[in-house]
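What follows is a short report on a single structure.
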Amino acid sequence: MKYLGIENLIVSNASGGVNSNFDVGDIMLINDHINMMPEHPLRGENDDRFGDRFVDMHEPYDLKMLAKMESIAKKNKIKIHKGVYLALQGPTFETPAEYRMVRIIGADAVGMSTVPEVIVAKHMKMKCLGISIITDLGIEGHIEEVSHKAVQNAAKLAEKGVCKLVEEFVFQN
Ligand code: HPA
């Protein structure tokens, strides 16, 4: 994608909210992440055509893209949160103790994707914007059975808002 001319990447995911201010169907703009996946997408011999061996991650999610998205949300009165996304491998959803751990170590949402894509994009010095849709809650007292179907249904709650955000983001110079 980068060598076909793509400079900016927008990634999205469904995730479990562990911040007690979050509700199902909320949108969270990712401002940082914690990588807890057991493998690393850059493991193995580095291909210097794509980027350096050791990759800077001081600003994984581009602050200018984030600010632009925040102002689009404000203008359209779309409620958003900002927060940290933590990636676990899955495919199991978290146990209550795992959700608690995710919160304690500094995340607001947890999921099974996004971080490898962002790492690879940062390796190539692409700018990234990440959007999490909170599809279930990993908050004590609010933890319920989760299924893929329930996640897909909950994601629909955010569909209109996310589409509006991305559309305006792409078409606004
Ligand atoms: N945990 C991990 N991945 C997810 C979740 C979750 O609670 N919800 C949607 N994807």
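The values are calculated or read from the model by the stated rules, or taken from the named source; none is laboratory data. Quick caveat: nothing in here was measured; it's all calculated off a predicted structure. Cβ coordinates were reconstructed from backbone atoms using ideal geometry, including for glycine residues, and neighbour counts include every protein chain displayed. In case anyone asks, the SASA skips ligands and DNA or RNA and just uses the protein heavy atoms, side chains included. Shrake-Rupley method; radii C 1.70, N 1.55, O 1.52, S 1.80 Å.
A few notes on this one:
- Among the residues making up the stretch 64-102, those that are free of Cβ contacts under 8 Å to residues at least 12 places away in the same chain and closer than 15 Å to residue 28 by Cα are 67, 71, 74, 77.
- Lone qualifier among 39, 117, 59 - being in contact with a strand residue (DSSP E or B) (Cβ under 8 Å, 6 or more places away or on another chain) and among the acidic types (Asp, Glu): 117
- Residue check, residue 127 farther than 13 Å from residue 23 by Cα and either open to solvent by less than 20 Å² (accessible area, probe 1.4 Å) or touching a strand residue (DSSP E or B) at 6+ places or on another chain (Cβ under 8 Å) (or both): yes
- Taking (1) open to solvent by 20 Å² or more (accessible area, probe 1.4 Å); (2) not in a loop (DSSP other than H, G, I, E, B) in turn, residue 73 satisfies each apart from (1).
- Listed by first and then second residue, the pairs linking a residue in the stretch 1-25 that is farther than 17 Å from residue 82 by Cβ to a residue that is more than 16 Å from the ligand (Cβ to nearest atom) and open to solvent by 20 Å² or more (accessible area, probe 1.4 Å), with Cβ atoms under 6 Å apart and 6 or more places separating them unless they lie on different chains, are 2/124; 8/127.
- Those residues of the stretch 135-156 which are away from the ligand (no atom under 13 Å from the Cβ) and in a helix (DSSP H, G or I), in sequence order: 156
- All of 23, 52 fail the test of being outside any strand (DSSP E or B), within 16 Å of the ligand (Cβ to nearest atom), open to solvent by 40 Å² or more (accessible area, probe 1.4 Å) and acidic (Asp, Glu), apart from 23.
- Residue 82 vs. criteria within 27 Å of residue 56 (Cβ to Cβ) and part of a loop (DSSP other than H, G, I, E, B): no
- Single residue of 87, 67, 109, 97 found to be in contact with a Ser or Thr (Cβ under 6 Å, 6 or more places away or on another chain) and either under 21 Å from residue 147 (Cβ atoms) or surrounded by fewer than 20 Cβ atoms within 10 Å (Cβ to Cβ) (or both): 109
- Selected residue [at pLDDT 95 or above, hydroxyl-bearing (Ser, Thr, Tyr) and either within 16 Å of the ligand (Cβ to nearest atom) or over 18 Å from the mean Cα position of the chain (by Cα) (or both)] from 99, 61, 3: 99
- Test for residue 22: is it farther than 21 Å from residue 125 by Cα, within 15 Å of the chain's Cα centre (by Cα) and among the aromatic types (Phe, Trp, Tyr): yes
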